[in-house]
Structures are given as C-alpha cells and as structure tokens.
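S.K.: What follows is a single structure, and I will ask about it in a moment.
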C-alpha cells in the first residue's frame, strides 16, 4: 500500500530542506570570514581612527570584525592562532591602538 504525499507535506519538506541549506551556508560564511592572522589585525588597526575610542569600544569593534578580543583594565587582548596581542587605544595618534605581542 502506498501513501500519497499531500501538498502541505511537500511544502513542509521543501521548507525543511531550504532551512537546512541556509543554516549550513551561514556556518561556512562565519568560518571563512574569521580573521586569519596578525597582518589582518595590523591592517585593521592602522586603517581606522577614532580618538575617543576606549578599551570597551575597541574590544567591541574588534569582535564585530571577527577578532577574538577581550577587554581588560587598560588594554584589549586579541588571540590569533594561539598568540596573544595587547592593544592599547592611542587616542589622538594615527590608528586605533598600539599593538604589541603579549605572548607568541
């Protein structure tokens, strides 16, 4: 005995397939847009300026651009490939921050 698939069941099946495809494509997009290395960090810091930016603002900006950043008291720590970089907002000077390697 065969069972016919109704119109509503077919729409539900297509909806589930499309949803799974969209979810899979979103996960690949997030992985491909992650910051790759410290040169991407250096370029980002040097190409942008904001003299009013503090530690929390800098950490938020870095996180929204796919960097693994954590605000501390007077600096932001960014982890890239097991290395930790220390960023101190530099106010009126060019760029967003001074970058030093905390640990490699």
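The values are calculated or read from the model by the stated rules, or taken from the named source; none is laboratory data. Because the structure is a prediction, the values reported are computed rather than measured. Backbone-built Cβ (ideal geometry, glycine too); neighbour counts: all protein chains shown.
S.K.: Name every residue in the range 48-59 that is surrounded by 14 or more Cβ atoms within 10 Å (Cβ to Cβ) and assigned to a helix (DSSP H, G or I), in order of residue number.
M.R.: Of everything in the range 48-59, those that are surrounded by 14 or more Cβ atoms within 10 Å (Cβ to Cβ) and assigned to a helix (DSSP H, G or I) turn out to be 55, 57, 58, 59.
S.K.: Could you tell me which residue of the range 67-99 is nearest to the chain's Cα centre (by Cα), considering only residues that are in a loop (DSSP other than H, G, I, E, B), surrounded by 14 or more Cβ atoms within 10 Å (Cβ to Cβ) and modelled with pLDDT under 90?
M.R.: Filtering the range 67-99 for residues that are in a loop (DSSP other than H, G, I, E, B), surrounded by 14 or more Cβ atoms within 10 Å (Cβ to Cβ) and modelled with pLDDT under 90, the one nearest to the chain's Cα centre (by Cα) comes out as 96.
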